[in-house]
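J.: Starting off with a structure, shown below.
The values are calculated or read from the model by the stated rules, or taken from the named source; none is laboratory data. Please read all numbers here as calculations on a predicted model, not as lab measurements. Here the Cβ positions follow ideal geometry from the backbone for every residue, glycine too, while neighbour counts run over all protein chains shown. Surface accessibility is based on the protein's heavy atoms, side chains included, excluding ligands, DNA and RNA. Shrake-Rupley method; radii C 1.70, N 1.55, O 1.52, S 1.80 Å.
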Amino acid sequence: MSDIKETLLNKYTEFEKSLNGQTGSPSHLARKAAIEKFEVLGLPGPKTEEYKYTHLTRLLGKEIDLGLTAQESKLSREEIEKFHFPHDEANVLYFVNGYYKSELSRILSPESELKISDLHSAFKNHEEDVQEIYGKYLNHEDSFAALNTALSNQGVFINVEKNKVLSHPIIIYSITDTSVDTPVYYPRNIFQIGKNSQAKIIETFQTHGNGKSFINHASEIIVSESANVEYYKIQEDSEETFRVDNTQVIQYRDSVFNAYAFTFNGRIIRNNLNIRLVDEHCESHMFGLYLLKGKTHVDNHTVVDHEKADSFSNEIYKGILDEKSTGVFNGKIYVRPHAQKTNAFQSNKNILLTDEATINTKPQLEIWANDVKCSHGCTTGQLDEEQMFYLRARGISKENARAILLTAFAEDVLENIKIDFIHEHLHDLIYRRLNN
Amino acid sequence: MLKVKNLCAKIEDNEILKGINLEVKAGEVHAIMGPNGSGKSTLASVLAGKEDFEVTGGSVEYLGKDLLDMAPEERAREGVFLAFQYPVEIPGVTTTNFLKTALNQIREHRGESPLDAVSFLKTIKEKMSLVEMDQSLLNRSLNEGFSGGEKKRNEIFQMAVLEPKLSILDETDSGLDIDALRIVANGVNKLKSKDNATVVVTHYQRLLEYIVPDFVHVLYNGRIVKSGDKSLALELESKGYDWIKEEIGSIA
């Protein structure tokens with residue numbers, strides 16, 4: 001394990017040399033602070049509480065050479081466009097192995113609404129906004145997050161101007177091409193949604209080929225006063241993908257943030273969704289659905305931190321685990337001393353389809369204020385035999401009955417999707433998964 | 001149509017059916033009566049293919065085929081219908097979608113093409129009027145939050161849509177007020193033809209005033225101990241089940 005740490009520290013030293021010309025810039029200072037933090041933390045070991053059920057370091061060490069850097073993909077335009085799903089007119093961005101594909105991307109919204117810059121160029125050109133914001137919000141107590149800040153040189157900075165309702169959603173395709181030597185990369189996306197503005201953002205993650213890969217992804221989302229954001233993540237990696245996703249959200253007064261996370265595949269997927277409600281009258285919704293099979297392991301850690309009074313948060317995560325898949329759900333709700341009149345709810349429900357599938361679920365409420373309403377609940381069970389029999393007794397095949405019941409189970413999450421084409425796309429993905 | 005011979009079944013270690021013999025022909029209505037715990041509902045469930053029960057002996061022939069050899073969905077596709085005593089609530093599945101899937105799988109089995117949305121809607125509207133069911137129930141989750149009467153009507157409505165050959169009504173009268181009972185019975189009567197048969201499982205004679213049986217069987221302690229015509233039901237109504245128990249007792 002210390003070997004991996006050495007490898008990563010060396011990688012940083014090497015990377016830092018390439019930053020020639022950026023030395024001393026705010027982003028460089030953020031990187032330095034982050035790598036120092038990483039040096040203290042190291043990667044999570046068997047005793048790290050937050051990674052108790054997700055033995056990521058051990059498997060990464062065995063299966064991935066973390067000294068590697070993802071090479072640019074040689075996929076043709078047609079091959080990349082195969083990852084496209086049907087959607088309405090949208091601002092579309094493509095990344096392959098972390099590299100921005102400007103020739104495939106298209107921005108429809110006018111610059112008065114939306115400014116998009118590729119992070120790689122933004123760093124090079126000393127773009128002030130990026131310099132100022134980079135690494136400011138991400139929680140570096142997670143060593144993967146710290147590593148991302150230290151090593152990331154790719155991704156996108158999206159700025160929605162104040163008082164704008166984005167005319168088109170933003171769709172970001174992130175494709176991992178494993179036909180090049182084990183892609184290992186550190187994308188970073190920063191979304192700044194201006195005061196009183198509205199934006200819908202969709203990120204989809206897919207893989208080309210069956211090779212291994214490791215993606216350490218991080219996002220920072222700043223939801224300004226009275227802004228309204230819908231943020232969707234659709235994770236459809238391959239069964240050989242290792243992925244850590246750190247998403248840090250910061251919400252200001254009267255803002256609304258809706259997070260949706262769908263996970264269908266991967267070797268190990270670890271999602272950390274942290275939402276800080278730093279001011280009053282905020283509203284946050286977190287919806288998650290994971291449909292797992294094979295040996296996939298998915299770990300969703302969420303934190304919603306009520307720092308000020310009169311905010312509302314609601315979380316519904318549901319899972320269907322087949323074959324030998326395993327899952328972890330850990331949902332933390334913090335209600336700080338000044339966060340009176342907080343309403344916070346959380347629910348995690350799981351269906352295990354085999355005896356070998358397992359889930360570890362843990363709600364964690366820490367409340368320092370006294371006038372609050374909080375609740376949480378989790379259930380884990382099998383398919384209801386009585387319901388199965390009822391459907392079959394009407395002529396519906398066993399496989400269809402199973403798919404119908406599981407789709408209905410997922411519907412609690414799906415019904416909250418506010419974009420029709422996303423709803424259809426997910427229905428389609430779920431239908432295909434459940435009907436093989 | 002249905003030939004049950006010496007059927008025995010158990011759940012866990014409890015022997016519940018201890019040799020049932022029953023023959024039902026097309027066009028007939030049979031009533032199976034009996035005190036609580038006699039095995040009536042078990043018989044209905046075993047015929048529909050519920051896997052909780054283990055068949056330990058005997059045979060069931062349905063339209064010349066071995067019924068016990070078929071999965072529940074195959075039985076349904078071959079025309080066996082069980083109206084549940086306790087219809088199951090299925091949140092997130094609308095009655096319409098559920099019925100459409102069921103009907104089209106049955107049609108496929110019969111070698112018919114699936115119904116398109118328009119013809120399907122026409123069919124279900126027609127059948128809903130049969131049981132005076134409110135259309136608003138169609139788009140709600142299956143049986144979720146339905147009243148007892150609505151659930152039972154929904155069963156008969158499904159029966160009307162799926163057009164079975166052999167219908168088994170398991171305590172369809174339980175929990176129904178007199179108006180609902182009349183509506184449900186009316187629906188069943190309208191669906192009756194010379195080609196299909198109905199088995200009515202009930203504790204009380206009440207339902208049989210509306211659905212008039214050709215044969216009445218008394219099930220007691222896992223066996224059919226007495227068979228007769230509809231007058232037997234009236235006798236049971238006036239005298240209760242104790243005289244049957246005594247009669248059996250005296251034979252034993």
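J.: Kindly list the number of the only condition in (1) open to solvent by less than 30 Å² (accessible area, probe 1.4 Å); (2) under 20 Å from residue B:219 (Cα atoms); (3) within 14 Å of chain A (Cβ to nearest Cβ) that fails for residue B:24.
T.: With (1) open to solvent by less than 30 Å² (accessible area, probe 1.4 Å); (2) under 20 Å from residue B:219 (Cα atoms); (3) within 14 Å of chain A (Cβ to nearest Cβ) applied to residue B:24, the lone miss is (3).
J.: Restricting to the stretch B:43-54, count the residues that are more than 14 Å from every other protein chain (Cβ to nearest Cβ) and surrounded by 21 or more Cβ atoms within 10 Å (Cβ to Cβ).
T.: Of the residues in that region, 1 qualify.
J.: Restricting to the stretch A:82-109, name every residue that is open to solvent by 80 Å² or more (accessible area, probe 1.4 Å) and either of a type in the set (Asp, Glu) or assigned to a loop (DSSP other than H, G, I, E, B) (or both).
T.: If the condition is that a residue be open to solvent by 80 Å² or more (accessible area, probe 1.4 Å) and either of a type in the set (Asp, Glu) or assigned to a loop (DSSP other than H, G, I, E, B) (or both), then A:82, A:86, A:88, A:89, A:103 are the ones that fit.
J.: Quick check on my filter: what residues within the stretch B:221-252 are crowded, with 19+ Cβ neighbours inside 10 Å and closer than 28 Å to residue B:178 by Cβ?
T.: B:232, B:233, B:236, B:244
J.: Which numbered condition in (1) in a helix (DSSP H, G or I); (2) free of Cβ contacts under 8 Å to residues at least 24 places away in the same chain is the only one that residue A:59 fails?
T.: Result: residue A:59 passes all but (2).
J.: Please go through the stretch A:310-328 and pick out each residue that is at negative phi, open to solvent by 10 Å² or more (accessible area, probe 1.4 Å) and over 20 Å from the mean Cα position of the chain (by Cα).
T.: A:312, A:322, A:324, listed by residue number.
J.: Test residue A:380 against the stated conditions and say whether it is hydroxyl-bearing (Ser, Thr, Tyr) and at pLDDT below 95.
T.: No; evaluated as a whole, the condition is false for this residue.
J.: On to the next question. When you look at residue A:352, is it open to solvent by less than 60 Å² (accessible area, probe 1.4 Å) and within 14 Å of another protein chain (Cβ to nearest Cβ), yes or no?
T.: no
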